[in-house]
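The structure under discussion appears below in the form of structure tokens.
The values are calculated or read from the model by the stated rules, or taken from the named source; none is laboratory data. None of the values given here were measured: they were computed from a predicted structure. Reconstructed Cβ throughout: ideal geometry from the backbone, glycine too, with neighbour counts over all protein chains shown. Ligands, DNA and RNA are excluded from the accessible area calculation, which covers all protein heavy atoms including side chains. Shrake-Rupley method; radii C 1.70, N 1.55, O 1.52, S 1.80 Å.
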Amino acid sequence: KSKRGLAFGKATKRLVGEKIKNMVYQGNFERMMSLLWVLQEMALADDVKLLHAEGQQPDVPPKETERLRQIYGFVEQHFQTDIDPSQVAEVINLSLPAFCRYFKKMTNQTFTEFVNEYRINHAKVRLLENVSIAQIAYDCGFNNLSHFNRMFRKITQQNPTEYRQQFSTMVYPLA
């Protein structure tokens, strides 16, 4: 689960926060034991939320893996700007209509849905930082705040402020 990013709720943050805060003052053995305790508590937490949508892992034939990797790589490098699907189609040597059919067949999503989901997942991580929502929207490739809010709600069933408040509690410095 941790590959997709995790955010813990208030109860878990309070439970492990003090332990983490006190680790600075512990000896090596105590610190190691505390770390193991923290990891165990986090593994058993029931107030954890995945930061990136589960998404379905399509059954991809091995020969198509490289093509999809190129598409994903392109999106990863360019998600902060307007992505023209014809540019991606050109990268993988397909016409635009062929690319759209191919992408839908391989991922069960349109390319636009995929890009929006990628951007929103990136925004979910950024919302845990102390940055304005408008700046996050812009940094994630949305040129219009209301469109960002609409897409965020569509994908997460929450608005960005609600999402941020859900995970904002006491933050304990590690040093």
**Request:** Could you list all residues from the stretch 141-155 that are among the small types (Gly, Ala, Ser) and in a loop (DSSP other than H, G, I, E, B)?
**Result:** 141
**Asked** Which residue, of 77, 135, 158, is part of a loop (DSSP other than H, G, I, E, B), without any contact (Cβ under 8 Å) to a residue 40 or more places away in the chain and either open to solvent by less than 60 Å² (accessible area, probe 1.4 Å) or not basic (Lys, Arg) (or both)?
**Response** 158
**Request:** Could you please find all residues in the stretch 80-101 being surrounded by fewer than 14 Cβ atoms within 10 Å (Cβ to Cβ) and farther than 27 Å from residue 144 by Cβ?
**Result:** 93, 95, 97, 98, 101
**Message:** Show the residue pairs meeting these rules: Cβ distance below 8 Å; 6+ apart or different chains; first residue within the stretch 33-50 and free of Cβ contacts under 8 Å to residues at least 40 places away in the same chain and over 15 Å from residue 20 (Cβ atoms); second residue in a loop (DSSP other than H, G, I, E, B) and of a type outside the set (D, E, K, R).
**Reply:** 47/9
**Prompt:** Mind checking which residues of the stretch 102-132 are open to solvent by 60 Å² or more (accessible area, probe 1.4 Å) and among the hydroxyl-bearing types (Ser, Thr, Tyr)?
**Reply:** 112, 118, 132
